[in-house]
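Here the structure comes first, spelled out in structure tokens, and everything after it is commentary.
The values are calculated or read from the model by the stated rules, or taken from the named source; none is laboratory data. Just so it is clear, the structure is predicted and the values come from calculations on it, not from any experiment. Every residue, glycine as well, gets a Cβ built from its backbone with ideal geometry; the counts of neighbours run over all protein chains shown. Side chains are part of the model used for accessible areas, which takes the heavy atoms of the whole protein and leaves out ligands, DNA and RNA. Shrake-Rupley method; radii C 1.70, N 1.55, O 1.52, S 1.80 Å.
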Amino acid sequence: MKGDAQPLIKFFDGSDKRFIIPLYQRNYDWKEENCEQLFQDLMKLHNSDRRSHFFGSIVSSIQSGTEDRFIIDGQQRITTVSLLLIAMVNAKKDGLIEATDTKLVDKIFKRYLVDEYQEDERKVKLKPIKKDMQAFDALLYKPKELHIKESNVTRNYDFFYDNITRAGLTIDELFETIKKLEVINIRLDEDDDPQLIFESLNSTGLDLSEADKIRNYLLMSLAPAEQDNLYTQYWNPIEEFTKYDPSSFVRDYLTMKQGKIGRNDKIYFIFKEYAESANIDRASLLEDMHHYAKIYSQVDSATISTVKLNKKLNQLRTLDSTVAYPFFMAFFDYTSIVGLSENEIYRVLDVIEAYWARRIICNLPSNALNKVFATLHRDVLNHINKADAGIAPSYYDVLTYVLLKKGRSSVFPSDEEVRGDFKTRQVYKMPTNTRMFIMERMENQDNKEQHDIVKELTEKNISIEHIMPQTLSDKWKTALGEDWERIHDQYLHTMANLTLTGYNSQYSNLAFIEKRDMEKGFKDSAFRLNNYLKSCEKWTEKELKQRQHDLLEICMKLWPMPNSDFEPSKQEVETVSLDNEDFEFTGKKLQAYHLFGVRNTVNTWKEMLIQVCHHLLLEKRSTIEWLCANEKAGFSTTPESWRKELAPKMYIGTENSTSTKINILHILFEECNISPEELLFEFRPETDDNAEE
């Protein structure tokens, strides 16, 4: 096996050379977002003084007796650059791009795309697997006659063609930039087994983590002395603060800064975009990250402030509280800046706990909390900053107001909802951390003397006990009465039938009195949850209902429904972004929409949908063509009375419900790789009676 660094274009060059994609490889599946990243990198490379840009590695083996290369790894990059070269050639032939060197187009075609001296009928250098080859050849020889829209090959070609014609570069300039793409060319020897190499590359390799890429991005372009200084002063402490998992921290940091949640496998690209758009030097950016990483560490270890606050924060940590870290980082930074009192901070944490606990009891989806906590601090500050001069609303009041305004899957459950769901909520079947949180709070409440329930449960020194056992003996069935089966099904895993013990294995399915009076039984228990059991002579539905009532009252006392005295100073225009899955759009009347920060007035949802499609058609034409060709999400190539023409052979269905239009937009933005947060809807006041479509 041999390997060296070389320009990618040199790998393409040479007569009697073909690049064969083995059949065991997957189809070409680079998405438009990958092509967009490559094209953006090329544009930045063109505008910089850099001599090269690393573009990964290519692993190939030479077919005996020929120069043909079997591509073991790197087919996505080779195919993509080939499509870029084809788009350049065709754009010049169509007169849409200039060339200083009149022979360059012919040179690209004959040296890098085909081998005109090849004896085979097919003279194209790249040989994709069969599904992709037809689309690839059509683009090379008959781009207008045989345009196979259903293929990723065609879709990405269209992307490059559109962007090349708008980039403002000549073919010469673009080709010179492509020549800067550098790869590690790894060539296998005859005794190397290509299949084993392929399996190794795709199963046992260790990829760089997102944090590794971010560290390299921040430090590699700096002088060695500055690299060492920033690594020692900032990056290494960040790793220590985050327990050597900086990728998770960076994701939460970006969520806090941007108010949106990035995919775990895209954190590097999101960070890179944020860093470049923020126009901040590396040292200042690392200093800011270091500041928030310290807060992140204090939240994670519940050592943020006073004993009282740490205790409350520790209770929240029992839950999977990392979902709230973007809020906590922003909030505790804010408290140190404005000097928020301990009492005010405690009330804020208390209302968050009540919101969270009530949602658990009502079995509401936990994933909705990601978006809530991503923007919660920002939402509160927006209201505080808009308050009338001289009036300073408390953070607690505004936060409570914001949470109480949440709807659908983000709602703050009412007393009625909690009282109804508490009776049937199967606490024992909750996730472990949630179950421990409920048991700890119900046992200790707010007493000064407390048991470390979470620690004891985690270390299995104690366990959760079913008072009425999971498997009923004949004695238990008789004691419960004729309706024993319903009672067992109804109450078994609910809070009314659960308690704590250190002697679970000794209880087994003994009768209630035996469990109560045995040595170290309920009568001897130090747990408060067993106090009622000490006075019971039997365990039937009557006792279950009474304990259910008592525990419900504890629940309502622990997590009361909060009130807020805050009222916005004036009626604000209601706005919501496309990514708000909790919002009910049906029945709302549009007055405008904001796309990429630009406000556009409209009167109807139909008008908005058509305008948004036209906007995106300018930037993402190839994607919309692909949607039309595949008849996806209301797009079509066929005219109908209920469809609006966007361009020749491109139509969108518009005679449909508001919810259908929202679904169309979701699919459109996903396929175009655009965040749905870029589309914001602005609604008319409810007093406006103008008719909607």
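Just a few scattered comments:
- Checked against a 24 Å cut-off, the cross-linked pairs LYS406/LYS455; LYS294/LYS406; LYS93/LYS149; LYS31/LYS127; LYS371/LYS661 give Cα-Cα distances beyond that limit for LYS406/LYS455; LYS294/LYS406.
- The GluC sites (Glu not before Pro) found in segment 413-456 that occupy coil by DSSP, while having at most 13 further C-beta atoms within 10 Å, are GLU449.
- Estimated from the Cβ-Cβ distance and a Förster radius of 35 angstrom, the FRET efficiency linking LEU510 and SER414 is about 0.30.
- Low-density loop cleavage sites - GluC sites (Glu not before Pro) in segment 611-640, where at most 14 other Cβ are within 10 Å (DSSP): GLU631, GLU640
- Using every pair of separate Cα atoms, the Kirkwood estimate puts the hydrodynamic radius of segment 76-168 at 13.6 angstrom.
- Computed log₁₀ I(q)/I(0) - Debye formula, equal Cα scatterers, no solvent, segment 318-426, q 0.13, 0.17, 0.21, 0.22 Å⁻¹: -0.51, -0.84, -1.20, -1.29
- Taken along its three principal axes, the alpha carbon spread of segment 341-385 comes to 33, 22, 12 Å, from the longest extent down to the shortest.
- Charged-residue dipole, Cβ positions (Lys, Arg, Asp, Glu), the chain about Cα centre, Debye nearest 20: 460
- Rounded D (µm²/s) - segment 562-685, Kirkwood Rh over Cα pairs, Stokes-Einstein at 25 °C, 0.890 mPa s: 159
- With N counted as the residues of segment 471-568, its alpha-carbon radius of gyration over 2.2 N^0.38 Å works out to 1.33.
- Taking Lys and Arg as +1 and Asp and Glu as -1, the other residues whose beta-carbon sits under 13 Å from that of LEU45 total 0.
- TYR234 contributes an accessible area of around 30 Å² to the protein surface, as traced by a 1.4 Å probe with all chains present.
- Only Lys, Arg, Asp and Glu carry charge here, each on its Cβ (+1 for the first two, -1 for the last two); on that basis segment 34-166 has a dipole of about 160 debye about its Cα centre.
- Relative to the longest principal axis of the Cα atoms of the chain, the long axis of helix 307-318 lies at roughly 60 degrees.
- Mean projection area, nm², convex hull over Cα of segment 366-474: 11.2
- Under the simplified labelling scheme, the ASP524-ASP13 pair shows an inter-label distance of 8.8 nm, with each label point 7 Å from Cα along Cα→Cβ.
- Look at the dipole of segment 520-588 built from charges on Cβ: of GLN548, ASN563, ASN530, the Cα furthest out on the positive end belongs to ASN530.
- Protection-proxy order for peptides 77-85, 333-341, each taking the mean of Cβ atoms within 10 Å per residue, highest first: 77-85, 333-341
- Most simply put, the chain has about 75% antiparallel DSSP beta bridges, counting only bridges with both residues inside it.
- Protection proxy ranking, peptides 354-361, 323-330, average beta carbon neighbours within 10 Å, highest first: 323-330, 354-361
- Ratio of Rg to Rh over segment 222-319 (Cα coordinates, Kirkwood Rh, two decimals): 1.02
- When the alpha carbon gyration tensor of segment 544-619 is reduced to an equivalent ellipsoid, the three semi-axes, largest first, read 45, 17, 11 Å.
- Geometric descriptor of segment 396-527, per residue, is 147 Å³ (volume of the convex hull of the Cα atoms).
- When the C-alpha to C-alpha distance is required to be over 23 Å, the pairs from LYS103/LYS179; LYS92/LYS632; LYS213/LYS260 that qualify are LYS92/LYS632.
- Segment 492-540 - Debye-derived log10 I(q)/I(0), Cα point model, q = 0.25 Å⁻¹: -1.04
- When the alpha carbon gyration tensor of segment 279-365 is reduced to an equivalent ellipsoid, the three semi-axes, largest first, read 26, 16, 11 Å.
- Furthest towards positive pole of dipole, PRO393, THR471, PHE412, structure part segment 376-471, Cβ charges: PHE412
- Considering all different alpha carbon pairs of segment 476-634, the Kirkwood hydrodynamic radius works out to 22.5 Å.
- Here the chain was treated as a single set of alpha-carbon atoms; its pair distances binned every 20 Å from 0 give 14, 36, 33, 16, 2, 0 percent.
- Stokes-Einstein D (µm²/s) once Rh is taken as the Kirkwood radius of segment 29-109 over alpha-carbon pairs, at 4 °C in 1.567 mPa s: 86
- Rounded to 10°, Cα long-axis angle of helix 325-338 versus longest principal axis of the chain: 80
- Checking every one of the trypsin sites (Lys or Arg not before Pro) in segment 126-177 against DSSP loop status and a limit of 10 other Cβ atoms within 10 Å picks out LYS144.
- Amide N proximity, segment 309-323 versus GLU342 label position 7 Å along Cα-to-Cβ, cut-off under 16 Å: 309-314
- In degrees, nearest ten, helix 152-166 long axis to first principal axis of the chain (Cα): 70
- Label-to-label distance, nm, for residues given as THR432 and HIS615 (7 Å Cα→Cβ offset): 4.7
- Across the chain, Cα pairs under 8 Å and at least six residues apart give a relative contact order of 11 percent.
- The residue among VAL250, PHE437, LEU113 whose Cα reaches farthest toward the positive pole of the charge dipole of the chain, with charges on the beta-carbon of Lys, Arg, Asp and Glu, is PHE437.
- Here, P(r) means the percent of Cα pairs in each 10 Å bin from 0 to the largest distance; for segment 375-439 it is 17, 32, 29, 16, 6, 0.
- Theoretical gain in end-to-end length, LYS649 to ASP550 [0.36 nm per residue, Cα-Cα removed]: 28.8 nm
- Gyration tensor over alpha-carbon atoms, segment 462-501, equivalent ellipsoid semi-axes in Å: 19, 11, 7
- Length gained when the stretch GLU631-HIS291 is fully extended (0.36 nm per residue, less Cα-Cα span): 117.4 nm
- Accessible-area value, GLU32, 1.4 Å probe, nucleic acids and ligands omitted, Å²: 10
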